[in-house]
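Participant: Quick one: the structure is below, questions incoming.
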Amino acid sequence: MAFLPALASGHVAVVTGGASGIGLAAARVFAARGMSVVLVDRNEAVLAAAAAELTGSAGAVLERAVDVADRAAVEALRDEVIARFGAVHVLMNNAGIQPGGTIFGPLEDWQRVLAVNLWGVVNGSQVFAPAMLEGGQPGLIINTGSKQGSTTPPGKPAYYISKAGVKVFTEALQHDLRGR
């Protein structure tokens, strides 16, 4: 992660979907730099194991079971993180789900995939970015996408649409933040 040269001990990273996979791998990198890490996930057992793994290598580890599709829960998380650490330097919107499905699959499946994969990114960015800007310190927002948001092979259209939306949202976010 060569794009993180200025991030080090004393900085704070919030990682959604941080209990496994790409999120946990990133959290390990942040912890190895001495950063405090806030792990966010819905699976409490896996979340506790991930936090236990990072404890001792990071500045501090805070674990929270939060549904990123729930805007009020993300706002409460932001308030708690700011109260505890004072600032957020990295926000990694990584939470995602990938159930199978079809164009004509159950509405509930579509709604859940879009709520977590797309609205989770929108919620995280819209909730945390203003506080990050107000802090006046350099920071990063990382939104995890997928090539399948561009290639759209058959099989999981709700997932592909959500990841295409993440790409477009991230590009719009970049344009907006560059103008500040």
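Participant: Rounded to the nearest whole Å², what accessible area per residue is found for the stretch 43-180 with the 1.4 Å probe?
Facilitator: With all protein chains present, the stretch 43-180 gives 52 Å² per residue.
Participant: Angle between the Cα long axis of helix 157-178 and the longest principal axis of the chain, 0 to 90 degrees, nearest 10?
Facilitator: 40 degrees
Participant: Can you tell me the 0 to 90 degree angle between the C-alpha axis of helix 119-135 and the longest principal axis of the chain, rounded to 10?
Facilitator: Result, in degrees: 30.
Participant: Take peptides 57-63, 129-135 and line them up by average Cβ neighbours within 10 Å, highest first, as a rough protection proxy.
Facilitator: By packing density, highest mean first, the sequence is 57-63, 129-135.
Participant: Quick one: compute the contact order of the chain, relative version, from alpha carbon pairs under 8 angstrom and 6+ residues apart, as a percent.
Facilitator: Answer for the chain is 19 percent.
Participant: Here's a follow-up. Rounded, prolate or oblate: pick one for the stretch 36-180, where a ≥ b ≥ c are the square roots of the eigenvalues of its C-alpha gyration tensor, a/c under 1.5 means rounded, and failing that, prolate if a/b is larger than b/c, else oblate. Walk me through the intermediate numbers first.
Facilitator: Values: a/c = 2.12, a/b = 1.38, b/c = 1.54.
Oblate, because a/c is 1.5 or more while a/b does not exceed b/c.
Participant: Can you give the calculated 222 nm mean residue ellipticity of the chain, where each DSSP H run of n ≥ 4 adds -39,500 (n - 2.57) and the sum is split over every residue, rounded to the nearest 500 deg cm²/dmol?
Facilitator: Estimated from H runs of four or more residues: -15500 deg cm²/dmol.
Participant: As I understand it, the value is the acute angle between the Cα axis of helix 21-32 and the longest principal axis of the Cα atoms of the chain; what does it come to in degrees, rounded to 10?
Facilitator: For 21-32 against the chain, the angle is about 10 degrees.
Participant: Show me, for the stretch 49-59, the HN-Hα J-couplings you get by feeding each phi into the Karplus relation (A = 6.51, B = -1.76, C = 1.60, θ = phi - 60°), rounded to Hz, glycine and proline as x.
Facilitator: These are the phi-based 3J(HN,Hα) values: 5, 5, 4, 4, 4, 7, 4, x, 9, 9, x Hz.
Participant: Heavy atoms only, probe 1.4 Å: what % of the accessible area of the stretch 43-143 goes to carbon and sulfur, would you let me know?
Facilitator: 57 percent
The values are calculated or read from the model by the stated rules, or taken from the named source; none is laboratory data. This structure is a prediction, so every number in the text was calculated from the model and none was measured. All Cβ positions, even for glycine, are placed from backbone atoms using ideal geometry, and neighbour counts span all protein chains on display. Just so you know, the surface numbers come from the protein's heavy atoms only, side chains and all, with ligands and any DNA or RNA stripped out. Shrake-Rupley method; radii C 1.70, N 1.55, O 1.52, S 1.80 Å.
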